[in-house]
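Here the structure is laid out as structure tokens; the discussion comes afterwards.
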Amino acid sequence: MADQTYNGWTNYETWLVNLWMDNEHGSQEFFREQAKEIYDDAQAKPHLTREEVARHRFADWLKEHHEENMPGLPGVYGDLLGGALSSVNWDEIARHYIDAIVEEESNA
């Protein structure tokens, strides 16, 4: 099987979504605030750390957010966009944000 990684991310789709999320200050702050809110509300569970709980919840939130905001395109274009979004590794992007929050808090 061919290597699908792209610029250190699982695949091109994951890299691209993260790039757009981080590309402008307003967007970056919006997603960071959502991640921080989810992290602050997260509590460890049996066999899961607080960070893991937050990461899973934020990944689910990211997927839902992007699916809800996806434009309704007809035909092949909608299918291609849906296919691309289904290839995104939401957990990897969530880990990126949650790890940054944990690091920031440990340096405070």
Of the candidates V102, H47, G8, the farthest towards the positive dipole end of the chain (Lys/Arg Cβ +1, Asp/Glu Cβ -1, centred on the Cα centre) is H47
Could you give the size of the charge dipole of the stretch 21-108 about its Cα centre, using +1 on the Cβ of each K and R and -1 on the Cβ of each D and E, expressed in debye and rounded to the nearest 20?
240
Tell me which of G83, F31, H65 sits at the most positive position along the dipole axis of the chain, charges placed on C-beta atoms (Lys, Arg +1; Asp, Glu -1).
G83
Calculate how steeply helix 75-86 sits against the longest principal axis of the alpha-carbon atoms of the chain, using the helix alpha-carbon long axis, and give the answer as 0 to 90 degrees to the nearest 10.
30
Computed lengthening from L80 to W20, 0.36 nm per intervening residue step minus Cα-Cα distance:
19.8 nm
Starting from the coordinates of the alpha-carbon atoms of the stretch 13-107, obtain the Kirkwood hydrodynamic radius over all distinct pairs and give the value in Å to one decimal.
14.1
Angle between the chain longest axis and helix 12-22 axis [Cα atoms, degrees, rounded to 10]:
60
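No lab work stands behind these numbers, since they all come straight from the coordinates. Small disclaimer: the values here were computed from a predicted structure and weren't measured. With ideal geometry, Cβ positions are generated from the backbone for all residues, glycine too; neighbour counts draw on all protein chains shown.
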